[in-house]
1. Kindly indicate whether any position in region 37-52 is modelled with pLDDT of 85 or more and of a type in the set (Gly, Ala, Ser).
2. Please go through region 63-96 and give me each residue that is assigned to a helix (DSSP H, G or I) and of a type in the set (Ser, Thr, Tyr), ordered by number.
3. Tell me, which residue of region 64-95 that is β-branched (Val, Ile, Thr) and farther than 18 Å from GLU21 by Cβ is farthest from the chain's Cα centre (by Cα)?
4. Can you confirm whether GLU122 is in a loop (DSSP other than H, G, I, E, B), under 19 Å from the mean Cα position of the chain (by Cα) and at pLDDT 85 or above?
5. If I go through region 98-149 residue by residue, how many of them are β-branched (Val, Ile, Thr), in contact (Cβ under 8 Å) with a residue 60 or more places away in the chain and surrounded by 13 or more Cβ atoms within 10 Å (Cβ to Cβ)?
6. Restricting attention to region 72-95, report how many residues are under 22 Å from PHE130 (Cα atoms) and surrounded by fewer than 21 Cβ atoms within 10 Å (Cβ to Cβ).
7. Taking only region 18-28 into account, find how many residues are crowded, with 17+ Cβ neighbours inside 10 Å and either within 10 Å of TRP43 (Cβ to Cβ) or among the charged types (D, E, K, R) (or both).
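The values are calculated or read from the model by the stated rules, or taken from the named source; none is laboratory data. In this text, all values refer to a predicted model and were calculated from it rather than measured experimentally. Here the Cβ positions follow ideal geometry from the backbone for every residue, glycine too, while neighbour counts run over all protein chains shown.
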Amino acid sequence: MSKPAGWFSGALDLRVYDKGEWVLLEPFRYMSLSGKDYTVPRWFITDLASIPWVTEPLFDSVEHRAAGVIHDWLYASQQVSRAEADELFREMLEVLGVGVIKRNLMYSGLRVGGWYRYGQCEGGPKAEDFAWEFMTSAEREAYRIRFIERGDWAARTG
């Protein structure tokens, strides 16, 4: 049986939110090479790649940003370890057609500098990770329960 090819759900649907930040207007999904589904929820705020400044010049294409959004969510949600999130980032870059040298430089930048951001995300999604003002009242309540209330979010979403 052949390994399934990794794929993204489609085009990123983003709106400028604040300086250096964007809000995801529709859920965005990546199906990994192993067949695991990673979905970023609507209204998630992203900087399009939580990467060390030294590797920012490597992000010269919108396609790289798709991997950055998923990676930002993996850090914020902490549904996988930092090493797994970074390895998935490298996988996504490969799926997007990024060359091996550039892909590995970007990955190395995350491994060197990503520890700080991952540590800030301890405990899973925070209220500041979402654009609450764009949500309906029903969405706000659902997000509050699903992402913010006490308990381990990653364990609840297994």
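1. Looking only at region 37-52, we keep the residues that are modelled with pLDDT of 85 or more, and these are 37-47.
Of the ones still in play, those that are also of a type in the set (Gly, Ala, Ser) are none.
There is no residue in region 37-52 that is modelled with pLDDT of 85 or more and of a type in the set (Gly, Ala, Ser).
2. Within region 63-96, the subset assigned to a helix (DSSP H, G or I) is 63-77, 82-95.
Selection gives TYR75, SER77.
3. From region 64-95, those β-branched (Val, Ile, Thr) are 69-70, 80, 95; that's our starting set.
Narrowing further to those that are farther than 18 Å from GLU21 by Cβ: 80, 95.
Details: VAL80: 11, VAL95: 16 Å.
Looking at residues that are β-branched (Val, Ile, Thr) and farther than 18 Å from GLU21 by Cβ, I get VAL95.
4. Values: in a loop (DSSP other than H, G, I, E, B): yes; under 19 Å from the mean Cα position of the chain (by Cα): yes; at pLDDT 85 or above: yes.
Against the criterion (in a loop (DSSP other than H, G, I, E, B), under 19 Å from the mean Cα position of the chain (by Cα) and at pLDDT 85 or above), GLU122 qualifies.
5. Residues of region 98-149 that are β-branched (Val, Ile, Thr), as a first pass: 98, 100-101, 112, 136, 145, 148.
Pick out the ones that are also in contact (Cβ under 8 Å) with a residue 60 or more places away in the chain and you get 112.
Narrowing the set further to residues that are surrounded by 13 or more Cβ atoms within 10 Å (Cβ to Cβ) leaves none.
Residues in region 98-149 being β-branched (Val, Ile, Thr), in contact (Cβ under 8 Å) with a residue 60 or more places away in the chain and surrounded by 13 or more Cβ atoms within 10 Å (Cβ to Cβ): 0 in total.
6. 5
7. Pass one, region 18-28, residues crowded, with 17+ Cβ neighbours inside 10 Å: 22-24, 28.
Of the ones still in play, those that are also either within 10 Å of TRP43 (Cβ to Cβ) or among the charged types (D, E, K, R) (or both) are 23-24.
Total meeting the criteria: 2.
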